[in-house]
Amino acid sequence: MSIASSFFGQQVLNRVSFLRCSKEFVKKSLNHDSTIIIPFIEGEALISPEEGNLVQLSRSTKLYKNIISTIVPVYTTLLNTTQSRIDESGVNLTFLGLLENTDSTFDFEWSNISYKGTPYFGLDIRVTDKTLFKHHDFEPIFSFPKMTRDHIFKQTNADASLYAQGRMYLDWLAKYKFCPGCGSKLFPVDAGTKLQCSNENKSVHCNVRDAHVNNVCFPRTDPSVIIAMTNSDYSKCCLARSKKRYGDFVLYSTIAGFMEPSETIEEACVREIWEETGISCKNVNIVRSQPWPYPCSLMIGCLGIVEFNCKNEVINLNHDDELLDAQWFDTTEIIRALDNYTDGIRVPFRKDISLPGSTTIAFQLIKNVCENYKKLRTASSSHL
Ligand SMILES: [Zn+2]
């Protein structure tokens, strides 16, 4: 089965996760001439004012030369230490992976295999008067505009996916400063992809440090389900309007919600569908997923196929307070809207009503219902 890349989910880099534990690899990759650093300021990436692209720093770019040459040598000595923590150094750094390229001048030998490519790092800057790095170390880029949601959806999927990976790691590093087992300071190891408890006092028990298996903290990912509801012949599609405001237009989309502990993906869908719309759905197919870096979600996209019997499909919004409206629409009407859509953050549907645009998993799920509808019609007409 081929893996279609969702927006934010393209794996641009080889993460070479097994190399992150090698201090030699991390030092070499951080200090190499070809290394690219994607800077964030207080958790948000930057855009270049001229082109509107995601800012990526390299040693060859004159403007940024001093930033990299100031930060990298100092930070290299801080690797795997409590001093590297954000309130002491002022920066968090995470290794993102290698952009594979056989002509690359960077290569690293590991178990007799050579790994070549351009190393990529994410760097989050949160400097104060008390931190090791100061505002003036980063002067040239503080004037750059920050990446907004309007900007990010205009980026290529490759850049948006690099952004998502960096943002999700750096947001986690900035938020998780203290050990959940004993309250001691956590510090990053494995190139900023795990956090370790700094408590060295063996007489003070820490159920994170002293655990046999998970003796580090891993980055957090919050799974949520997102569901397009349809019927068994795909001729109907249920879309809902949430209470969220979207400027001057009304958006009808799929429903979504966070998974709860000890729930399967399928059962989470059944619960969310019933809680939000009152619809009874017993047939759920997992379709595709999308990372969502606001701040650390993984959206698991599903189709909920509802057996129409004049009861199951009845909409009741009274269980919880999330939706303003939900309706069963004819799939043929949605197909017409999708056929007329070329690009943009939303699909014009009815007067004053839009559907989500192509960068969202909601769009992909709605499109999936439409494609299934067409396939079924083609198959049944060929049997006539
Ligand atoms: Zn601890």
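Could you please give the count of residues in segment 178-196 that are more than 12 Å from the ligand (Cβ to nearest atom) and assigned to a strand (DSSP E or B)?
Qualifying residue count, segment 178-196: 3.
Among the residues of segment 216-247, what is the count of those that are of a type outside the set (A, V, I, L, M, F, W, C) and within 30 Å of K177 (Cβ to Cβ)?
Of the residues in segment 216-247, 6 are of a type outside the set (A, V, I, L, M, F, W, C) and within 30 Å of K177 (Cβ to Cβ).
Taking I141, is it of a type in the set (V, I, T) and more than 16 Å from the chain's Cα centre (by Cα)?
Yes: the conditions hold for I141.
Pairs under 9 Å by beta carbon, first residue under 11 Å from S184 (Cα atoms) in segment 200-217, partner at pLDDT below 85 and more than 9 Å from the ligand (Cβ to nearest atom), six or more apart or different chains?
Within 9 Å, the pairs are V208/N214; V208/N215; V208/V216; R209/N215; R209/V216.
With (1) on the phi < 0 side of the Ramachandran plot; (2) surrounded by 15 or more Cβ atoms within 10 Å (Cβ to Cβ); (3) more than 14 Å from the ligand (Cβ to nearest atom) as the list, and K175 as the residue in question, which single condition is left unmet?
Result: K175 passes all but (2).
Where residues in segment 351-384 are part of a loop (DSSP other than H, G, I, E, B) and not basic (K, R), which of them is surrounded by the fewest Cβ atoms within 10 Å (Cβ to Cβ)?
Checking each candidate, the answer is L384.
Residue-by-condition table, conditions (1) assigned to a loop (DSSP other than H, G, I, E, B); (2) touching a His at 6+ places or on another chain (Cβ under 9 Å); (3) surrounded by fewer than 16 Cβ atoms within 10 Å (Cβ to Cβ):
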| site | (1), (2), (3) |
| --- | --- |
| F121 | no, no, no |
| D124 | no, no, no |
| K130 | yes, no, yes |
| F133 | yes, no, no |
| H136 | no, no, yes |
| P140 | no, no, yes |
| H151 | no, no, no |
| A160 | no, no, no |
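Looking at segment 221-258 only, could you name the residues that are free of Cβ contacts under 8 Å to residues at least 40 places away in the same chain and outside any strand (DSSP E or B)?
K244, R245, G247, D248
Would you mind stating whether T264 is of a type in the set (S, T, N, Q) and surrounded by 19 or more Cβ atoms within 10 Å (Cβ to Cβ)?
So T264 fails the test.
The values are calculated or read from the model by the stated rules, or taken from the named source; none is laboratory data. As the structure is a computational prediction, the values presented were derived from the model and not from experiment. Cβ coordinates were reconstructed from backbone atoms using ideal geometry, including for glycine residues, and neighbour counts include every protein chain displayed.
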